[in-house]
Each structure stands twice: as C-alpha cells, then as structure tokens.
1. Name every residue in segment 272-295 that is within 15 Å of Pro346 (Cβ to Cβ), crowded, with 24+ Cβ neighbours inside 10 Å and touching an Asp or Glu at 6+ places or on another chain (Cβ under 8 Å), in order of residue number.
2. Which pairs turn up if I take residues in segment 93-109 that are farther than 21 Å from Trp129 by Cβ and look for partners that are part of a helix (DSSP H, G or I) with beta carbon separation below 6 Å, at least 6 apart in sequence or on another chain?
3. If we scan segment 185-194, do we find a residue that is under 13 Å from the mean Cα position of the chain (by Cα) and surrounded by 24 or more Cβ atoms within 10 Å (Cβ to Cβ)?
4. Take Leu66 and tell me if it is of a type outside the set (Gly, Ala, Ser), modelled with pLDDT of 95 or more, touching a Phe, Trp or Tyr at 6+ places or on another chain (Cβ under 6 Å) and assigned to a strand (DSSP E or B).
5. Quick check on Gln220: is it surrounded by fewer than 24 Cβ atoms within 10 Å (Cβ to Cβ), closer than 19 Å to Ala301 by Cα and touching a helix residue (DSSP H, G or I) at 6+ places or on another chain (Cβ under 8 Å)?
6. Condition test on Val259, is it within 16 Å of the chain's Cα centre (by Cα), touching a residue at least 60 places away in the same chain (Cβ under 8 Å) and either under 30 Å from Pro368 (Cα atoms) or open to solvent by less than 20 Å² (accessible area, probe 1.4 Å) (or both)?
7. Just for segment 10-30: of the residues that are buried (at least 18 other Cβ atoms within 10 Å of the Cβ) and of a type outside the set (Val, Ile, Thr), which one is nearest to Asp60 (Cα to Cα)?
8. Is it the case that some residue within segment 82-91 is of a type in the set (D, E, K, R), within 25 Å of Glu63 (Cβ to Cβ), open to solvent by 40 Å² or more (accessible area, probe 1.4 Å) and not in a helix (DSSP H, G or I)?
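The values are calculated or read from the model by the stated rules, or taken from the named source; none is laboratory data. Remember, predicted model here, so these are calculated numbers, not experimental data. Here the Cβ positions follow ideal geometry from the backbone for every residue, glycine too, while neighbour counts run over all protein chains shown. In case anyone asks, the SASA skips ligands and DNA or RNA and just uses the protein heavy atoms, side chains included. Shrake-Rupley method; radii C 1.70, N 1.55, O 1.52, S 1.80 Å.
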Amino acid sequence: MSSLYANWSFPTSIRFGVGRIRELAEACRDSGVHRPLLVTDRGLAKLPIASNALEILADDGLECGLYSEVDPNPSELNLAAGLETFRQGEFDGVVAFGGGSGIDLGKMIAFMVGQTRPIWDFEDVGDWWTRADAAAIAPIVAVPTTAGTGSEVGRASVITNSETRVKKIIFHPRVLPTAVISDPELTVGMPPAVTAGTGMDAFAHCLEAYCSPNFHPMCQGIALEGLRLVKNNLQRAFVDGADMEARANMMSAASMGAVAFQKGLGAIHAISHPVGSLFGTHHGTTNAVVIPQALEFNRSAIEGKIELATAYLGIEGGFEGFLGFCRELTTSLNIPTNLTALGAAPDRIEEMAKMALDDPSAASNPVPMTYENTLELYRSCL
C-alpha cells in the first residue's frame with residue numbers, strides 16, 4: 001500500500017492515498033476557502049464519513065455548513081435550494097463530497113453563485129461557456145466517495161431539467177476543482193451493488209474514450225490503462241470491500257476515465273442517459289447493461305482497436321473474447337441482463353431513441369447513430 005500514495009497535478013491538484021481526508025482543511029485553505037459549504041447527498045450526510053469531514057474542517061477553525069438536498073439525478077431545483085443555502089450562510093467555497101450526484105451539484109453551486117443568466121445558458125454547446133463570468137466562480141475542493149464518475153477531475157456537471165427530464169451537460173473550464181482529496185478509505189463503506197455500478201461506469205468511460213474516433217493519443221493511453229485497472233480490481237473490490245489496494249486502483253481508474261473521455265463517449269452513454277432520466281435507474285449500472293449490445297453495434301468500426309486492447313489486457317479471443325469478458329464481468333457483479341429487468345418500459349422506446357440522438361455523447365460514437373439504428377439498439381437492450 002505504501003506505493004499507492006502520491007501528489008498529482010494532472011489534470012488538477014490531487015492528494016491521493018489512504019488517510020488523506022485529514023488534509024481537507026489544508027486543501028481548502030490552499031484553495032482560498034475559509035468558510036466552506038459541504039455539498040453531498042442525503043444518504044451520505046447521515047454517514048460517519050460526512051460528519052468526520054465536517055469535524056476535520058471545524059477542528060481546523062473553518063466555519064463550515066452542510067447542504068444535502070441532492071437527488072440521485074440532481075436538478076435545477078436542487079441547485080436553486082443549494083444556492084440559497086450558500087448565499088444565506090455567506091460561504092466562500094464548496095467542498096463537493098460524494099459520488100457523481102453530490103460532486104456535480106456542488107460544482108454547479110460554486111459555478112452559478114455569481115452568474116446572472118439561467119443555468120441552461122451554459123450548456124455544453126459551442127462556446128456557450130464563454131457567457132459565464134469566470135471571476136465569479138467560487139473555489140471547489142472535491143472529495144469522491146465512490147469510484148465511478150470521475151466528476152472530481154471534470155470540467156462539467158450533468159444536471160437534469162426537472163420539467164423535461166432531459167439531462168444537460170453544463171461546461172466551463174473553471175468548474176474543474178482546484179483541489180481533490182482521493183482517499184480510498186472513503187469508498188470502503190460502499191455496498192457491493194454500488195461498487196459494481198460505479199465501477200462499471202468507470203469501465204464504460206474508459207471503453208468509450210478508447211473507441212472514440214476522435215484524435216487524442218494521451219487520452220487513448222489513459223483509457224487503455226484505466227480498462228486494465230478495472231479488469232484487475234473491480235471484482236476484488238466487489239467481493240471484499242476492505243481490499244484497500246483494489247479500492248485505490250478503482251479510484252484511479254475512475255479519475256482516469258473522466259480524463260480520458262475528453263476524447264469522446266458514444267452509444268453506451270447516449271442510450272443510458274434517457275433511461276436514467278425517465279426511469280431513475282443508476283447511471284453506471286445502466287451503462288453496464290448496454291455495453292455488450294453497444295459493442296456489437298459498433299463492431300465494424302472498433303474491432304481492430306479492441307483486438308489491440310485485448311493483447312494489453314491479457315484477454316484471449318480478440319473482439320469475441322473481449323465481448324465475452326464484458327458479459328462475464330457484469331454477470332459476476334449481479335448486473336441485470338437487460339433494460340427491462342432494470343425497470344425501463346419498452347413502450348417508450350421511440351421517446352428514448354429521440355432523446356439518445358439529442359445526447360452529446362451520440363456525436364462521437366464510432367458508428368453514426370440514426371433514429372432507425374438507435375431504435376434497433378434499444379430493442380436489443382430490452
């Protein structure tokens with residue numbers, strides 16, 4: 001374990017290692033935060049890891065607050081209430097604490113507190129991010145407690161429109177947290193199902209980034225090593241939640257996946273986002289369900305890349321071997337075998353297909369997505 005301890009500055013300052021949550025107050029001060037609002041979800045707010053983080057801040061003399069009204073798919077309603085809490089408490093920065101939901105909303109509170117335009121004006125479309133007042137963005141310290149989304153190293157957040165139920169990506173370069181505390185010990189309490197779902201989210205990020213046709217050799221390499229880390233460690237963490245080496249490697253893979261998908265995502269995310277929006281399914285678990293079908297969908301464009309990857313990953317059988325590995329992995333993690341078993345309604349397939357094509361992830365899929373082939377992809381997943 002001694003080797004799994006480091007300070008990283010890519011893509012931001014990351015304090016990685018067991019026990020580094022004790023440096024939270026120092027990280028806040030280094031980021032210019034003296035009165036932090038800790039943003040997390042309702043479930044985490046009740047757990048010792050959250051109260052411990054608040055104690056660390058308070059014991060170091062930082063006046064801190066807590067906001068935990070965060071839905072699994074955070075919306076602009078959660079954001080409005082969080083902004084009210086931030087302003088009333090006169091906080092000067094955010095500690096974004098938790099999985100993707102808590103970190104995404106925490107980042108958006110810090111982002112929106114000084115803006116005068118509605119959040120949807122900053123959607124990740126063209127240069128819309130330039131509409132924001134960059135100087136008004138509050139500092140962010142991110143503390144992941146899951147190993148999946150990698151939102152702690154991302155420049156965007158996913159926010160669900162409460163009226164349309166459509167997930168929107170809000171982007172700005174300064175949404176990237178100033179500092180990150182990645183302490184594998186914080187993930188030990190994750191139930192096996194959450195370990196599986198979040199871990200498969202990291203796997204999907206790495207897989208789609210690796211397969212994306214866009215040119216980004218650095219992200220290509222990061223994605224490939226991220227796949228290896230998930231392959232060698234997710235099952236271990238699922239079976240033994242106290243396996244700290246596996247937990248540390250999965251935290252690394254999660255951050256790597258989020259860095260890598262600057263290269264692009266694809267059909268896995270494009271078709272899973274509507275399912276999560278409409279039926280409230282866990283994002284990473286939904287990704288896991290559709291991976292085999294998305295691989296088959298893209299086979300003509302990615303088979304060569306996958307064959308190269310299998311050589312590095314130690315998987316025999318080329319594309320078919322990799323496909324078999326994915327199916328065996330999800331089965332071993334007790335992931336449902338199809339979207340119907342996950343709770344999606346087959347009678348809304350046309351609606352989901354339209355939403356998938358509007359999702360930004362669709363644009364970088366290796367095989368161009370059309371309404372007709374997206375319908376067929378959904379049918380294969382249901």
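1. Listed by number, the list holds a single entry, Pro274.
2. Partner pairs satisfying both residue conditions: Gly98/Leu44.
3. No: segment 185-194 contains no residue that is under 13 Å from the mean Cα position of the chain (by Cα) and surrounded by 24 or more Cβ atoms within 10 Å (Cβ to Cβ).
4. So Leu66 does not fit the description; no.
5. yes
6. Spelling it out, Val259 is indeed within 16 Å of the chain's Cα centre (by Cα), touching a residue at least 60 places away in the same chain (Cβ under 8 Å) and either under 30 Å from Pro368 (Cα atoms) or open to solvent by less than 20 Å² (accessible area, probe 1.4 Å) (or both).
7. So the residue we want is Ala25.
8. Step one: list which residues in segment 82-91 are of a type in the set (D, E, K, R), which gives 84, 87, 90.
Next, only the ones that are within 25 Å of Glu63 (Cβ to Cβ) stay: 84, 87, 90.
Subset that is open to solvent by 40 Å² or more (accessible area, probe 1.4 Å): 84, 87, 90.
If we keep only those that are not in a helix (DSSP H, G or I) too, we end up with 90.
For segment 82-91, residues of a type in the set (D, E, K, R), within 25 Å of Glu63 (Cβ to Cβ), open to solvent by 40 Å² or more (accessible area, probe 1.4 Å) and not in a helix (DSSP H, G or I): present.
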